[in-house]
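Enquirer: Handing you a structure now.
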Amino acid sequence: MSSLKSSRAIRWAVPVGAVVVVGAAIGAGPVIAAAQGNPALPTKTAAQLLAAAGQAHKAGNLQPLSGTVVESASLGIPALPGGRSGTSPVSLLSGSHTARVWYGDQQHVRLALLDTGSETDFIRNGADTWQWSSAQNTATHRQLTEKPKQQQPEPKPSGAPLTPQQAADKALAAVGKTTTVRVDPTGRVAGRDAYELVLSPKDGRSLIGQVRIALDGRTYVPLRVQVYAHGASSPAAQIGFTSVTFTKPAAANFSFKPPSGAKVVQQKSAGETPAQAAQKKQKGAAATPSAGQKTIGSGWVAVEQLSLPQNAQNAQNARNAQGAKGNDTSGMMAALQKAATPVHGSWGSGRVLRTKLFSALLTDDGRLYVGAVTPDVLTQAAAHR
């Protein structure tokens, strides 16, 4: 088990360039291919697989690749207004979404987020980075001036996992005494021979029944991650390659020239002035949760508590009362609140929403509790603030 605990430090050998997205991968895509057959791969234990993946990274063997990634989710939540916006993380909560990725090395990366009739691309070609939106006919360019070792891929990812790597990292962070780990029979995923790790929470308060991680049989790159609710025969959420090739993409994939007539925005990469840094910090403080943010519990039953700023809560309530629509986040929040159930207790009152894989409790005084747990775990967390 000590080898499994060390997985917290593992950084998988999946290209960092595949996660240069701030938004979400959108667009109708095929159902993720199921494992096909049982190839004859060398027998390995879970600890051996984790160690092999860690060693591949330590050796610097980040694998060049190109492929198609599909994310899909069916969590049992209501239809959300604006839920299929090309850059909305909320869109990952339902439907199927597709992205194409090319990775040569840390300096040569391209990710294309596909939508019906449009595309958003994030490209890094050496010191040049581009973000292209065909829907807005706008290309944003930035020339990196920092040395390669000092410069991180831009933009940095946030929010929901957009690649099998990110999803696997989150799942493997929970490996330890709270988790049962096994290796299932090998199979084929995206045309590749693959091992399959299965992680199962021991605590019945978790809504997650198991997480299945398919690892490439040669590179140990995560090819697919599937998350199942308790007792479910099909995954409530999954992300994985439907096709992948571990060869270096042609240089042309990282070359970008804005189409004729497109709006081109030039961004400076120079450091911020003290005034700009102070202004950014002030805006960030107003937009982020208060100091009341904390994690209650650990592992599979961890609950995140956020204390919403009072001004943000008041603005949210006002927008909800007006029935906000479109891509406005307040409209999505209103739809979720409408589907939630009123609850009350010694901690106060509010509304709780339970999906297949997570629950959320929003109290009337502006506290938000979220976790992959049953609602009673959230109310207990609220009572012991």
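The values are calculated or read from the model by the stated rules, or taken from the named source; none is laboratory data. The shown structure was predicted, so the numbers you read here are calculated from the model rather than taken from an experiment. Neighbour counts run over all protein chains shown; Cβ positions are idealised from the backbone, glycine included.
Enquirer: Filter region 288-307 down to the residues that are under 15 Å from Gly366 (Cβ atoms) and of a type in the set (A, V, I, L, M), then identify the one that is modelled with the highest pLDDT.
Expert: Leu306
Enquirer: Looking at Ser206, Ser243, which one is of a type in the set (S, T, N, Q), in contact (Cβ under 8 Å) with a residue 40 or more places away in the chain and more than 27 Å from Ala40 (Cβ to Cβ)?
Expert: Ser206
Enquirer: Scan region 362-383 for residues that are without any contact (Cβ under 8 Å) to a residue 24 or more places away in the chain and among the β-branched types (Val, Ile, Thr) and report the count.
Expert: Qualifying residue count for the region: 1.
Enquirer: Inside region 323-369, can you point out the residues that are farther than 27 Å from His230 by Cα, at pLDDT 85 or above and not in a strand (DSSP E or B)?
Expert: Ser346, Trp347, Asp364, Asp365, Gly366
Enquirer: Taking Leu199 and the conditions (1) touching a residue at least 40 places away in the same chain (Cβ under 8 Å); (2) closer than 18 Å to Leu357 by Cβ, which numbered condition does it fall short on, given that it satisfies the others?
Expert: Against the list (1) touching a residue at least 40 places away in the same chain (Cβ under 8 Å); (2) closer than 18 Å to Leu357 by Cβ, Leu199 comes up short only on (1).
Enquirer: If a residue has to be part of a strand (DSSP E or B) and not basic (Lys, Arg) to count, how many in region 221-239 make the cut?
Expert: Residues flagged as part of a strand (DSSP E or B) and not basic (Lys, Arg) within region 221-239 amount to 10.
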